[in-house]
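Report on one structure; see the data block that follows.
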Amino acid sequence: MPYYVFKITQPTPLLKNLEFLKEFDAYKDARNFTREQRATVPLDGGILFKLVHAATELGAEELLMEKREESVVMEWEK
């Protein structure tokens, strides 16, 4: 399965804009590309770069768009 790199902007908490950047066969190449992209934008810019391992580009987009439940923090973990 290939690795996909996406640029994510989130103007509102409910809306994510995904921009497909590149597809890689090797994890190291994908990781290095993602790190290079992250270094080009300011930390507070509201732009994220995500690396996703999926069977297809559509599958990668679906993984990024799904809403995850927040993890429950137990009292002893605070």
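The values are calculated or read from the model by the stated rules, or taken from the named source; none is laboratory data. Quantities reported herein were computed from a predicted structural model and do not represent experimental measurements. With ideal geometry, Cβ positions are generated from the backbone for all residues, glycine too; neighbour counts draw on all protein chains shown.
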> Looking only at the stretch 11-37, which residues are surrounded by 13 or more Cβ atoms within 10 Å (Cβ to Cβ) and closer than 26 Å to residue 70 by Cβ?
Replying inline: 16, 18, 34
>> Please verify whether residue 39 is small (Gly, Ala, Ser), modelled with pLDDT under 95 and over 14 Å from the mean Cα position of the chain (by Cα), treating the condition exactly as stated.
In response: yes
> Between residues in the stretch 1-29 that are modelled with pLDDT of 95 or more and residues that are outside any strand (DSSP E or B) and basic (Lys, Arg), which pairs lie under 9 Å by C-beta distance while being six or more apart or on different chains?
Replying inline: 3/31; 24/31
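Select, from 28, 7, the only residue that is part of a helix (DSSP H, G or I) and of a type in the set (Lys, Arg).
Details: 7 fails: part of a helix (DSSP H, G or I).
It is 28.
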>> Step by step: first the residues of the stretch 38-78, then only those that are assigned to a helix (DSSP H, G or I) and small (Gly, Ala, Ser), then the one that is surrounded by the most Cβ atoms within 10 Å (Cβ to Cβ). Which residue is that?
In response: 60
> Looking only at the stretch 31-73, which residues are farther than 28 Å from residue 14 by Cβ and among the hydrophobic types (A, V, I, L, M, F, W, C)?
Replying inline: 33, 39
> If you check 52, 72, which single one turns out to be in contact with a Phe, Trp or Tyr (Cβ under 6 Å, 6 or more places away or on another chain) and either at positive phi or of a type in the set (Val, Ile, Thr) (or both)?
Replying inline: 52
